[in-house]
1. Note down the magnitude of the dipole of region 133-214 about its Cα centre, charges +1 on Lys and Arg C-beta and -1 on Asp and Glu C-beta and zero elsewhere, to the nearest 20 debye.
2. How large is ³J(HN,Hα), in whole Hz, for each residue of region 148-162 in order, when computed from phi with the Karplus curve 6.51 cos²θ - 1.76 cosθ + 1.60 and θ = phi - 60°, using x for Gly and Pro?
3. Determine, for 287, 80, 91, the number of other Cβ atoms within 10 Å of each Cβ, and report the residues in order from fewest to most.
4. Report the net charge of residues surrounding residue 82, where surrounding means a beta-carbon distance below 15 angstrom and charges are Lys +1, Arg +1, Asp -1, Glu -1.
5. How high is the relative contact order of region 188-273, in percent, counting Cα pairs under 8 Å that sit 6 or more residues apart?
6. Output ³J(HN,Hα) for region 94-109: one whole-Hz value per residue in order, computed from phi by the Karplus curve 6.51 cos²θ - 1.76 cosθ + 1.60 with θ = phi - 60°, and x for Gly and Pro.
Amino acid sequence: MSTVAQLAIITTGSANFRQNFKCLGFSFHIDGRKLTSVFTATTTGRTDTIRNGARGRLIVTCSTAKPSSSSEISSSARIRSEVLTPFRSVRMFFYLAFIAQASLGGLIASTQLIGALANPSRAGAVTDIAKGLGIDIGAAALFAFLYYRENKIKNAQMARLSREENLSNLKLRVDERKIITVSEFRGLARLVILAGPSSFIKEAFELSETFTEQLIERGVLAVPFCTDGNVPSFEFDETEETKELTKKRRRLWQLVPVLTPEWSEWLDEQKKLANVSPESPVYLSLRLDGRVRGSGVGYPPWNAFVAQLPPVKGMWSGLLDGMDGRVL
């Protein structure tokens with residue numbers, strides 16, 4: 001399913017028509033009557049000169065595919081689940097085999113019990129047959145419970161991996177000319193996503209000032225996402241004495257989410273799964289491998305990040321990359 005928007009531009013005469021189209025992340029098609037160029041392109045910004053021999057009509061169609069819902073488990077998420085728990089399929093196979101064996105034994109014992117009850121000469125065997133039937137029923141129920149629990153854990157893990165995959169496909173603006181996906185930060189930075197009104201974002205920005213240098217050393221980068229549509233204005237100290245600190249603060253808060261409807265949809269889904277009010281400001285921290293490390297309602301615990309996360313450079317680089325904390 002895709003979202004489509006159209007923009008129609010009417011041109012007259014034989015004058016050159018020059019337009020800079022910026023349809024970020026979209027695939028757009030340009031055509032027209034008596035136009036010298038008809039093309040399809042995917043770009044973040046393009047400038048083209050189109051010559052009209054007569055009055056023409058220029059149509060720009062932008063479309064983008066919506067991110068898949070977490071209910072749609074991708075093949076890569078299934079493969080990752082198998083890699084993380086390689087013996088789960090074997091266990092589930094044996095659970096099904098034991099359930100089938102116990103069910104067959106129970107069926108045979110049931111027919112024997114019915115025959116024994118109908119034949120007075122076999123009344124002495126009723127007790128033993130009933131015990132065997134009880135054992136078969138108990139075994140089938142036990143392995144059915146184990147299979148149900150294993151399958152529930154499997155589905156929850158694949159749903160989490162699918163949500164992480166959807167998150168990794170979301171886009172961030174690094175600067176005016178560079179836009180990359182969240183997945184490209186794996187192994188490079190620990191992202192902390194903040195979602196809330198602009199006042200919440202600005203307060204979190206101010207609270208992080210004391211820990212700026214330590215956060216940068218640990219590869220932490222903030223991703224502020226305003227849910228009220230307002231863009232927060234970050235005020236940096238431009239004095240000569242704080243020039244180096246200001247540079248680090250700009251780096252800490254340089255990322256900007258793009259294609260905000262996709263971000264909004266993903267965050268709303270996470271809040272729903274966590275039983276959090278849609279209006280509540282939240283934060284979400286990622287590990288170096290891109291997996292979710294922690295989340296909560298309110299401001300990010302900058303001091304806890306400094307205390308718990310190892311530096312990404314120096315003698316500890318690489319040695320403690322797996323010490324980011326457990327995966328949620």
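Please treat every number below as a calculation from the coordinates, not as lab data. On a predicted model such as this, the values are computed, not experimentally measured, just so you know. Because the Cβ atoms are built from the backbone with ideal geometry, glycine has one as well, and the counts that use them run over all protein chains shown.
1. The dipole magnitude comes to about 300 debye.
2. Karplus-based 3J(HN,Hα) across region 148-162 equals 4, 5, 5, 5, 5, 5, 4, 5, 5, 5, 5, 5, 5, 5, 5 Hz.
3. Numbers: 287 20, 80 17, 91 13.
Taking fewest neighbouring Cβ atoms as first place, the list is 91, 80, 287.
4. Net of charged neighbours comes to +4.
5. Relative CO of region 188-273 lands at 34 percent.
6. These are the phi-based 3J(HN,Hα) values: 5, 4, 5, 5, 5, 4, 5, 5, 5, 5, 5, x, x, 5, 5, 5 Hz.
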